Amino acid sequence: MYDALIIGGGPIGGYIAKGLAEKGHSVGVLEKGSEDRGKICCTGIVSKNCYQTYLSDKDLILKHGRSAKVYSPSGKLLNLNHKEDQAFIIDRNRLDSAIAADAIESGADFFYNHAVKNLDVLSDRVFVEYQNDTRVSSVEAKTVIIASGFNSGWFKQNRVKKDLNFTIGAQIEVYHRDTEEIEIYIGKHVAPGFFGWLVPLDDKRALVGLMTKNNPNKYLKDFLTLLDEQGKVANNGDKAAYRGITLQPPQRTYGERFIMVGDAAGQVKPLTGGGIYFGLLCADMAIKTIDRALNEDDLRAVKLATYEKEWKQKLNKEMQICRFARGVYSQLSNRQLDRLIDISNTFGIVDEITASDELDFDFHSRVIRKATTLPTVSKLLWRSIAG
Ligand SMILES: Cc1cc2nc3c(=O)[nH]c(=O)nc-3n(C[C@H](O)[C@H](O)[C@H](O)COP(=O)(O)OP(=O)(O)OC[C@H]3O[C@@H](n4cnc5c(N)ncnc54)[C@H](O)[C@@H]3O)c2cc1C
């Protein structure tokens, strides 16, 4: 019997496996995908702080992100410039493999092609059923960490059956022509309520993607046509990939002998859908709680509740403000979005914000607060919303 079984060997599951193994616990990771992982549907943009805190030993940077271009629905341009790097574009496939390698080196067992089908929480252990090829087998552990990403409401102890507040990320790799910076495209025709992106990975390759609740296939096709017509991208034979993004945590992220972490727990930035940093941040809290509970041999829900209390203290307010801001943003028409870009350019609002200490790549509520305290923004935003 393992001390801890982790379901899902993505970045968050792998990171927790390493953390618990380093503390001397026996750890197994069940990952349904194969070791080569295929293509992971993720853009791989992380803040400088995230990279430096969690990933700097792994040599994953493909490109530095200091500036970005935002295009309004009618093609008006807003330049976001900063004097220092704000983010890095990292090799997402290598990220998962590198974290898994760390976990294995620390003593964790990693099982690929092991898809968990069910788990049963008993009074003294958890009984986990998985499928490997066509064979169904089982394994036991004192506790289970659910890090299986989007739509993890599949096991019966979890009362949340489905991710209700979610969007779908669609992405494809292309060749680009002279794209130096991250480009963001806003507008109902590109990604209603969200945004689209063109992100260079190197001199040749770029990722084109978007988030949308409905018709990701159609929106991605239309967006690619738009970029192609502008001479920015060319087909490189890649196939589009799609993945769900949870935008709201389930009601509870812990129970008897289990906790949920990462995308499985909705630990995602509601404005951008980015989940690597919040997931890793919460993974640290998960390691601390599980380590203590294992040492005290007390894995009751009441004990594991500390984990949720701690991560919600850090992120709940932030997520609420950002969800509200996204709600406002999604109400704006293309004409209003155009006006906002005009306003931002005319009044130097973005320069003011990017120069301020409030600018934080991970905690957007600070920028939202800052923006709404600028009289020009609040007045013009409300005027813009009012039409
Ligand atoms: C298009 C797109 C672009 C994105 N871009 C960014 C970005 O630029 N920056 C950023 O921070 N975030 C981004 N994200 C989000 C980011 O990818 C996730 O937040 C991150 O992958 C969460 O990691 P995780 O380990 O919690 O979950 P995942 O990475 O989803 O890992 C979960 C793992 O669990 C496995 N699994 C699932 N079910 C089972 C099962 N039953 N049994 C065993 N294994 C199972 C899966 O195979 C997977 O390997 C993007 C997402 C999308 C869709």
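The values are calculated or read from the model by the stated rules, or taken from the named source; none is laboratory data. The structure displayed is predicted, hence computed values, not measured ones. Virtual Cβ from ideal backbone geometry, glycine too; neighbours counted across all protein chains shown. Protein only, heavy atoms only, side chains kept; ligands, DNA and RNA dropped before computing areas. Shrake-Rupley method; radii C 1.70, N 1.55, O 1.52, S 1.80 Å.
Structure values in brief
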{"item": "Pick from segment 24-46, criterion modelled with pLDDT of 95 or more and polar (S, T, N, Q), ranking: farthest from Asp360 (Cα to Cα)", "result": "Ser26"}
{"item": "Out of Gly19, Gly28, sole residue that is closer than 14 Å to Ala103 by Cβ, in a strand (DSSP E or B) and away from the ligand (no atom under 11 Å from the Cβ)", "result": "Gly28"}
{"item": "Conditions (1) in contact (Cβ under 8 Å) with a residue 24 or more places away in the chain; (2) closer than 28 Å to Gly8 by Cβ; (3) surrounded by fewer than 15 Cβ atoms within 10 Å (Cβ to Cβ); number of the one not met by Glu296", "result": "(1)"}
{"item": "Of all residues making up segment 255-280, the number that are buried (at least 23 other Cβ atoms within 10 Å of the Cβ), away from the ligand (no atom under 12 Å from the Cβ) and not in a loop (DSSP other than H, G, I, E, B)", "result": "2"}
{"item": "Residue list for segment 240-249, restricted to those being in contact with a strand residue (DSSP E or B) (Cβ under 7 Å, 6 or more places away or on another chain) and of a type outside the set (A, V, I, L, M, F, W, C)", "result": "Tyr242, Arg243, Gly244, Thr246"}
{"item": "First in segment 209-221 and assigned by TED's automatic domain parsing to the domain that holds Ala191, second anywhere and within 10 Å of the ligand (Cβ to nearest atom) and of a type in the set (Phe, Trp, Tyr), Cβ under 8 Å, 6 or more apart", "result": "Gly209/Trp197; Leu210/Trp197; Pro216/Tyr242; Asn217/Tyr242"}
{"item": "Residue that is farthest from the ligand (Cβ to nearest atom) [pool: residues in segment 43-60 that are touching a helix residue (DSSP H, G or I) at 6+ places or on another chain (Cβ under 7 Å) and under 19 Å from Arg205 (Cα atoms)]", "result": "Leu60"}
{"item": "Any pair with Cβ under 7 angstrom, 6 or more apart, that starts in segment 32-56 at a residue that is closer than 18 Å to Asp102 by Cα and ends at one that is open to solvent by 50 Å² or more (accessible area, probe 1.4 Å) and part of a loop (DSSP other than H, G, I, E, B)", "result": "Ser34/Asn113"}
{"item": "Matching residues, segment 164-193, being of a type in the set (S, T, N, Q), in a strand (DSSP E or B) and surrounded by fewer than 18 Cβ atoms within 10 Å (Cβ to Cβ)", "result": "none"}
